[in-house]
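Peer 1: One structure, pasted below without further comment.
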Amino acid sequence: MTPPLGDIAHIGHTQLFTPDLDASVAFCTDFLGLTVNGQVGDSVYLRTFDDYEHHSLVLTARDQPGIGRLALRTSSEEALLRRVEAVEDAGGPGHWIEDEPGIGKLYITTDADGHEHALYWESEHYQPPDELKAALKNQPQAKPNRGVGVRRLDHVNFLAADVLANTEFQERLLGARSTEQVRLDTGRIAARWLTYTDKSYDVVYTEDWTGSQGRLHHIAFATDTREDILRAADLAIDTGVFIETGPHKHAIQQTFFLYVYEPGGNRIELCNPLTRLVLAPDWPLVNWSEAERAKGQAWGLKTIHSFHTHGTPPIQT
Ligand SMILES: [Fe+2]
């Protein structure tokens, strides 16, 4: 594998802004089944039971919901320096910072839309306290006996003014591969799914109907089974979590899904994509036409209107 391919090892963690930090933390611990692993100022660090790193989600208090940092772990120190050089050769922007527990130096840059990306190599492997130790030594933490019990942060779906400009950043500077896309009848690319790994996607760009930049469509946590998604839906209605759409199965990428809103207003997907990998090094980009997109999801569920209008931070139109 020739760089930039392989230089990004995986999605490490992401940051959500929330106007109601306490309620968002309670949603993440009680409903998703995440574990709080520290707080610094207005930021709370959370982890799934299967995270080998310190955290996979940062919740930070802000006036408006939205996405902050997407942090990507590189495959080595050399890979990190290669990506930094590529970003700087392309004109940046970029700077170094060290501001997260359990993580070393992060190189901060942005995609074409302005979404903050952080690249890092140094990362402490999580050591659980005795009460959170798993029975099996190949699992970082015991499974939480509450909520959905998600296994990992799976992907981030950005909204973007220009899907292709962001795709260019991901492919050329970070070594992502595009696996699927939506092409409108006009030829414009309305959405693109990309991966750094053998997972069929890690990041997604969807055209922002408002034309604005830097917004979030959703972040997604993966569960072990489809049954977990159905159970999550039951849990949601019992605990007052707003279900936007699902459970159902996407046609694109075939992910089994449930979309909910966390109390701060951000859309959260619970997904089960685990059996599907893209192993082919010469995987052809799968194209979905406007007519195919209009058919709705895999089993015929029409795409809910708010899927095209709700993003964070909200835009007054
Ligand atoms: Fe998704």
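The values are calculated or read from the model by the stated rules, or taken from the named source; none is laboratory data. Because the structure is predicted, anything quoted here is derived from the model rather than measured. Note that we place each Cβ from the backbone using ideal geometry, even for glycine, and neighbour counts take in every protein chain shown. Keep in mind that these areas ignore ligands, DNA and RNA; they rest on the heavy atoms of the full protein, side chains included. Shrake-Rupley method; radii C 1.70, N 1.55, O 1.52, S 1.80 Å.
Peer 1: Any chance you could check the Cα centroid distance between the stretch 191-238 and the stretch 89-118 for me, in angstrom?
Peer 2: Taking the Cα centre of the stretch 89-118 as reference, the centre of the stretch 191-238 is 23 Å away.
Peer 1: Label T2 and D42 with points 7 Å out from Cα along Cα→Cβ: what is the distance between them in nm?
Peer 2: 4.7
Peer 1: I've got another one for you. To check my understanding: the extent here is largest minus smallest coordinate of the Cα atoms along each principal axis. What are those three numbers for the stretch 108-151, in Å, largest first?
Peer 2: 44, 27, 15
Peer 1: Enumerate the whole-percent occupancy of each 10 Å bin, from 0 to the last occupied one, for all C-alpha pair distances of the stretch 45-189.
Peer 2: Final binned percentages: 9, 33, 33, 19, 5, 0.
Peer 1: For the chain, what is the mean residue ellipticity at 222 nm derived from helices alone (per DSSP H run of n ≥ 4: -39500 (n - 2.57); sum divided by total residues; nearest 500 deg cm²/dmol)?
Peer 2: Per the formula, -4000 deg cm²/dmol.
Peer 1: From the square roots a ≥ b ≥ c of the eigenvalues of the alpha-carbon gyration tensor of the chain, which class results: rounded (a/c under 1.5), prolate (a/b over b/c), or oblate?
Peer 2: Cα axes put the chain in the rounded bin.
Peer 1: Restricting to Cα pairs below 8 Å that are 6+ residues apart, what does the relative contact order work out to for the stretch 177-218? Please round to a whole percent.
Peer 2: 28
Peer 1: Can you give the net charge of the other residues whose Cβ lies under 10 Å from the Cβ of E98, counting K and R as +1 and D and E as -1?
Peer 2: -2
Peer 1: Tell me which residues come under 5 Å, amide H to amide H, from F242 once H is placed; ignore anything under 5 positions away on its chain.
Peer 2: Under 5 Å from the amide H of F242: Y261.
Peer 1: Could you give the alpha-carbon Rg of the stretch 264-317 over 2.2 N^0.38 Å, rounded to two decimals?
Peer 2: Here the Cα radius of gyration is 1.55 times the empirical estimate.
Peer 1: Could you give the distance between the Cα centres of the stretch 250-299 and the stretch 46-86, to the whole Å?
Peer 2: 22
Peer 1: Return the FRET efficiency for the residue pair Y126, D198: r is the Cβ-Cβ distance, R0 is 22 Å, and the value is rounded to the nearest 0.05.
Peer 2: About 0.40, to the nearest 0.05.
Peer 1: Cross-chain or 8 or more residues apart, Cα under 23 Å: how many lysine pairs in the chain fit that? Count them up, please.
Peer 2: Lysine pairs meeting both conditions in the chain amount to 4.
Peer 1: If all Cα-Cα distances of the stretch 215-317 are sorted into 10 Å bins from 0 onward, what percent lands in each bin, rounded to whole numbers?
Peer 2: Values per bin, smallest distances first: 14, 41, 35, 10, 1.
Peer 1: If you take every residue apart from G33 with its C-beta less than 13 Å away from the C-beta of G33, what net charge results, scoring Lys and Arg +1 and Asp and Glu -1?
Peer 2: Here the count lands on +1.
Peer 1: Next question. Fully extended, how many nm does the chain gain between F242 and Q254 (0.36 nm per residue separation, minus their Cα-Cα distance)?
Peer 2: Extending this stretch completely gives an extra 2.0 nm.
Peer 1: Once you place label points 7 Å from the Cα toward the Cβ at H305 and L279, how far apart are they in nm?
Peer 2: 4.5
Peer 1: Calculate, for the stretch 139-202, the solvent-accessible area per residue in square angstrom, rolling a 1.4 angstrom probe over the heavy atoms of the protein chains.
Peer 2: Averaged over the residues of the stretch 139-202, the accessible area is 34 Å².
Peer 1: With the convex hull built on the Cα atoms of the stretch 1-55, state its orientation-averaged projected area in nm².
Peer 2: 5.1
Peer 1: Further, regarding this structure: Report the full-extension gain for the segment I315 to S76: residue separation times 0.36 nm, less the Cα-Cα distance, to one decimal in nm.
Peer 2: Here the segment from I315 to S76 would lengthen by 82.1 nm.
Peer 1: Hull surface divided by four, with the convex hull built on the Cα atoms of the stretch 194-270: how many nm²?
Peer 2: 6.1
Peer 1: Provide the per-residue ³J(HN,Hα) series for the stretch 151-160, in order, calculated from phi with Karplus coefficients 6.51, -1.76, 1.60 and θ = phi - 60°, each as a whole number of Hz, with x at glycine and proline positions.
Peer 2: Each residue of the stretch 151-160 in turn: 8, 7, 5, 9, 7, 10, 10, 7, 8, 8 Hz.
Peer 1: Could you estimate the translational diffusion coefficient of the stretch 1-121 from the Stokes-Einstein equation, with Rh from the Kirkwood formula over C-alpha pairs, at 20 °C and 1.002 mPa s, in whole µm²/s?
Peer 2: Stokes-Einstein gives a translational diffusion coefficient of 141 µm²/s.
Peer 1: Subtract the Cα-Cα distance of R62 and E290 from 0.36 nm times their separation in residues, and report this length gain in nm to one decimal.
Peer 2: Full extension of this stretch gives 78.4 nm more.
Peer 1: On to the next question. Mind checking Rg over Rh on the stretch 119-254, alpha carbons, Kirkwood formula for Rh?
Peer 2: Rg divided by Rh gives 1.03.
Peer 1: Considering only the other residues whose Cβ falls under 11 Å of the Cβ of T179, what net charge follows from Lys and Arg at +1 and Asp and Glu at -1?
Peer 2: Computed value for this residue: +1.
Peer 1: Counting only residues 5 or more places away or on other chains, whose amide H sits under 5 Å from the amide H of T179 once H atoms are built in the peptide plane?
Peer 2: W193, L194, T195
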